[in-house]
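Report on the structure given below.
FYI, it's all coordinate maths here, none of it is from the lab. Keep in mind that what you see is a predicted model, and the values were worked out from it rather than measured. Glycine also receives a Cβ, built like all others from the backbone with ideal geometry; neighbour counts cover every protein chain displayed.
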Amino acid sequence: MRWQGGRRGGGIEDRRGMGGGAVAGGGIGVAVLALIGYFVFGIDPSTTTQVASQFGAAGASQEGREGTPEDQAGLFVDVVGRNINEVWAQKLDGYQPPANIVLYEGGTPTGCGYGQAAFGPFYCPADRQVYLDLGFWQEMERMGASGADFAKAYVLAHEIGHHVQTLTGASEQVQRAQQAARSEGEANRYSVALELQADCYAGVWAANASAVSGGEVALEPGDLEEGLRTASAIGDDALQRNSGRGVNPESFTHGSSEQRMQWLQRGYQSGDPAACDTFAGL
Ligand SMILES: [Zn+2]
């Protein structure tokens, strides 16, 4: 993927090095994590944590440095984040970028509760921010995903895809449908549709990346394949198999490897968000 030397402007808030354990409001011995109404990339939080009630300080925000990270990983997010927003400004009328892309380490307060790296990258609709612990890049490789830049960009584009769903109202519709669902399996199917749409939106971004930002960001041969390898590695069936559990489609929240690859590819081939109707047939 080509991005070096590209313009910055992804709207970064850098909280790295601020001490991951800091909880605004302090003094609350929270052993259980709370993160409600969030959208993660690929890790089912129920496998690593329990979700408890939201604690008081959850809405309080920890202020980080605005601006311009100097390291390669931070710079990458800054440049690619801007590019993704430029694509969406063309594809969606009235598009507004996420409030910030927050880089953090370990854990950080968010508008959706206390966010932890264990959740993987996530988007919080309440404060309209994307949260990234860049340690996830290594975690991804450990899971068999690609370490290529495009694989990382896919993660970011997926999360900004959830931001788009907040703007279009899709996220809210899904939450309502889930509340009315008669079974966990039914609620999960809505979650899968929402997640696959975010994958498709990542493909839409990829198809249009070089058409904006003066062509400074562009895919290179082999990039799509790296993205598909990543989508496959983080399919729910692959994750369940790798964690030694049986594969149970009813419990899927993000979609199978096959589905994640399929929708990323569909977005890429069409370049058009209208091709991302993952809700048809639900
Ligand atoms: Zn997601």
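Using the Karplus relation 6.51 cos²θ - 1.76 cosθ + 1.60 with θ = phi - 60°, the per-residue 3J(HN,Hα) values for the stretch 81-93 come to x, 4, 4, 4, 5, 5, 4, 5, 4, 7, 8, 10, 4 Hz, with x marking Gly and Pro. Couplings 3J(HN,Hα) for the stretch 117-123, derived from phi with the Karplus relation 6.51 cos²θ - 1.76 cosθ + 1.60 (θ = phi - 60°), are 4, 4, 6, x, x, 8, 10 Hz, where x marks Gly and Pro.
Between ASP277 and ARG241, 0.36 nm times their residue separation minus their Cα-Cα distance comes to what?
Here the answer is 10.1 nm.
Distant-in-sequence amide contacts of VAL102, defined by a placed amide H-H separation under 5 Å and a gap of 5 or more residues or a different chain, comprise GLU13, VAL130, TYR131, LEU132.
Inter-label distance, GLU220 to ARG7: 2.3 nm, where each label sits 7 Å from its Cα along the C-beta direction.
A protection proxy built from the mean count of other Cβ atoms within 10 Å ranks the segments 227-236, 267-276, most packed first, as 227-236, 267-276.
For GLN175 and ALA126, the difference between the fully extended length at 0.36 nm per residue and the C-alpha to C-alpha distance is 16.3 nm.
Across the stretch 185-196, rounded Karplus estimates of 3J(HN,Hα) from the backbone phi angles (6.51 cos²θ - 1.76 cosθ + 1.60, θ = phi - 60°) give x, 5, 4, 5, 5, 5, 4, 4, 4, 5, 5, 5 Hz, Gly and Pro being marked x. Put simply, the amide H of SER146, placed in the peptide plane, has neighbours under 5 Å in THR230, leaving out anything fewer than 5 places away on its chain.
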